[in-house]
Amino acid sequence: MEPQFIDPVPDKNLLDYNFEGYRVSLKNTKIESVELVNPVLIVRPNRKRYSLLHARIFDLHNYIIGDRSNSSEHIYYIDKTRSVRKAKYDAIIRKIEFCKLWTFPDQEEVICKDSNTYNPTIKFVSDNLAIASDGIKTFFLLETGDRNSGVKWKTLHSEELLQGKGFFIQDAVLKDLELHALLCSIEHGPKRTYLAVHWITLINESNIWRQKSLKELTVEGDCGYIYLERSCEAIYVASTTSCKFVFDSENIIMDTGDEKRDHITKLDFKWSQDSKYVAVHFLMPDDIKKEDVNVNCTGSYITVQHKNTRLIDGALYSVVHSYLTTMSVSKNLLELTFAKVEEGDEWSSLLRDYDTGRQYVGGIGDNLDDSSDDMDDLEQEFVFNRDPVEQCDYTNSEHQILERLCATSHNITHRWSLGVSPVIITMEPEDRYPPSFGVQYDVDVCIWQPRCESNSIELKHNATLLALGYIQSTTERKKFMSCPSNYEFTVICDMSRHIFLYRQDRIMEASELINRRTGARPKRAEQRSLTALSDDVLGVYAVPLGIYILGETYLMYIEA
């Protein structure tokens, strides 16, 4: 069954085309800071782990652990004694209060220089349960009790998973008596380093937890979003290349790779290239009309469909200028022409994931099949870029696709085109839905929410962070970006301890200006700039009333 391809359309009611930007506010900002009793535990990769994937996993790791399932605005972190501590800002006494909750058991090989270790991670799965990884090899199920209080946590179950390999926890869902968790590790393949995703399922039988099943997936491209559907019937992955199941202890994985590869190579098309352009020619059985052909080309991904037949669907070998793509139709011949971003780049295949090395000799437009008509009779039109972000903004980026993979059939059921913008921000998950995420749309950031209700699967536009797409892309050395659940403000932190706060649609209470027709006061968008206590900011977390900033030896709270 072919996946359903959907191009997400933003809600116009959530866009503001008249937004004029942010104004710098010089008002005093209330800041409370405190020195930590013990420094934060930091795990860094060793010299053998030097890939770009290692850099992103370790250097962009947020050491603050948030908890949106409780009404109290507190955060957690892990110090060098491997203890989990809770921090909460009390607005009445204007003080940050700390509480020690639980400590990881001692490990002899903790942070061995040559071991495959990661930063410890914690995920909350219910109001009184959490799971944790020590980053070395052990998985913990914890009873937290009421997290609004200072109750000590208890270990309900611990187990060494993944044959003693290190891992970090990406997501977790508690469904009835089954606990589903995504455990991730970085693996080295024959050609490149990739992310291995281990989907484990634990079941509670007579208050005894045991592993029920294991599924494994691989993601070779740049991946910015991996989360479970709350029903645990599927997994969502946003990446530059397709994610695929490689192991399932419950269901047999049908190897459809060869079948799809054969389908590509059996298509009646040829392609050619020169230093600047790539041309693809399809020989169709009957006369075709251009209105029956749908071409979607965005940077490095191409989809060509004639009526109900998918001619090509895959990642191009290299990046092209999508706005320069042209389509020509004449009787039974369809021709597409792409302009290379990297002039002089020699393509060894048309598509990146399949062997489409059949290339006829000659330049663009030469050596067409004898059954084709004269090229002068071709009717030509431009295939305009459907992505609102200009391609020049992302000359080195690849196309991002969000895919929904079924847990039982292992097939891709739905695909959403996210353009060439990577996932910029990810929110905490809700009880019913996976986390929402933000990608750039023109100069804004659109927040999208994957939803599955009553057999209806959609990508819903939840909110818009006005002008933040342009701002974050021009912020040098951006490290963290966060916003609270009500989307009232956004905070950006760079690697030079600069903190920028952007609040949109704030009423000018002190202003005497009033709209005579509506009686409403004008709104303004506010920007504030602050500086952290040291150069190394390890974590940022926004709550509705403020922002937590974590350094190795300090914790700050900024009232928003």
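For the range 460-477, check the following and say yes or no: at least one residue is open to solvent by less than 50 Å² (accessible area, probe 1.4 Å), in contact (Cβ under 8 Å) with a residue 60 or more places away in the chain and assigned to a loop (DSSP other than H, G, I, E, B).
Yes, the range 460-477 contains at least one residue that is open to solvent by less than 50 Å² (accessible area, probe 1.4 Å), in contact (Cβ under 8 Å) with a residue 60 or more places away in the chain and assigned to a loop (DSSP other than H, G, I, E, B).
From the list I131, I136, I186, I122, which residue is more than 27 Å from Y236 (Cβ to Cβ) and not polar (S, T, N, Q)?
Sole residue among the options that is more than 27 Å from Y236 (Cβ to Cβ) and not polar (S, T, N, Q): I136.
I need every pair where a residue in the range 49-68 that is within 16 Å of V219 (Cα to Cα) and of a type in the set (A, V, I, L, M) has its Cβ under 6 Å from the Cβ of a residue that is outside any helix (DSSP H, G or I) and open to solvent by less than 40 Å² (accessible area, probe 1.4 Å), sequence separation at least 6 or different chains.
The qualifying pairs are L53/I186; L53/T193.
Any idea which of (1) modelled with pLDDT under 90; (2) open to solvent by less than 70 Å² (accessible area, probe 1.4 Å) is the one R451 doesn't satisfy?
Only one criterion is unmet by R451, namely (1).
If I ask for residues that are touching a Lys or Arg at 6+ places or on another chain (Cβ under 9 Å) and either basic (K, R) or open to solvent by less than 30 Å² (accessible area, probe 1.4 Å) (or both), which ones from the range 158-178 would you list?
Within the range 158-178, L161, L162, K165, G166, F167, I169, D171, A172, V173, K175 meet the criteria.
If T218 passes every condition in (1) more than 21 Å from G166 (Cβ to Cβ); (2) modelled with pLDDT of 90 or more but one, which one does it miss?
Looking at each condition in turn, T218 falls short on (1).
Checking R147 against (1) open to solvent by less than 10 Å² (accessible area, probe 1.4 Å); (2) in a strand (DSSP E or B), which test does it fail?
Condition (2) is where R147 drops out.
Within the range 94-102, is even one residue modelled with pLDDT of 95 or more, within 24 Å of C184 (Cβ to Cβ) and surrounded by 15 or more Cβ atoms within 10 Å (Cβ to Cβ)?
There is at least one residue in the range 94-102 that is modelled with pLDDT of 95 or more, within 24 Å of C184 (Cβ to Cβ) and surrounded by 15 or more Cβ atoms within 10 Å (Cβ to Cβ).
Looking at F480, F500, which is the one that is assigned to a strand (DSSP E or B), modelled with pLDDT of 90 or more, under 25 Å from R85 (Cβ atoms) and open to solvent by 10 Å² or more (accessible area, probe 1.4 Å)?
Exactly one of F480, F500 is assigned to a strand (DSSP E or B), modelled with pLDDT of 90 or more, under 25 Å from R85 (Cβ atoms) and open to solvent by 10 Å² or more (accessible area, probe 1.4 Å), namely F480.
Got a number for residues in the range 518-543 being surrounded by 13 or more Cβ atoms within 10 Å (Cβ to Cβ) and either modelled with pLDDT of 95 or more or not acidic (D, E) (or both)?
Residues meeting the conditions: 15.
Take the residues of the range 287-328 that are open to solvent by less than 10 Å² (accessible area, probe 1.4 Å) and of a type in the set (A, V, I, L, M, F, W, C): which is modelled with the lowest pLDDT?
A315
Quick check on E229: is it of a type in the set (D, E, K, R), touching a Phe, Trp or Tyr at 6+ places or on another chain (Cβ under 8 Å) and closer than 27 Å to N455 by Cβ?
yes
The values are calculated or read from the model by the stated rules, or taken from the named source; none is laboratory data. Here the structure is a predicted model, which is why all the values come from computation and not from measurement. Neighbour counts are summed over all protein chains in view; Cβ atoms, including those assigned to glycine, are modelled from backbone coordinates with ideal geometry. The accessibility values were calculated without ligands, DNA or RNA, using every heavy atom of the protein model including side chains. Shrake-Rupley method; radii C 1.70, N 1.55, O 1.52, S 1.80 Å.
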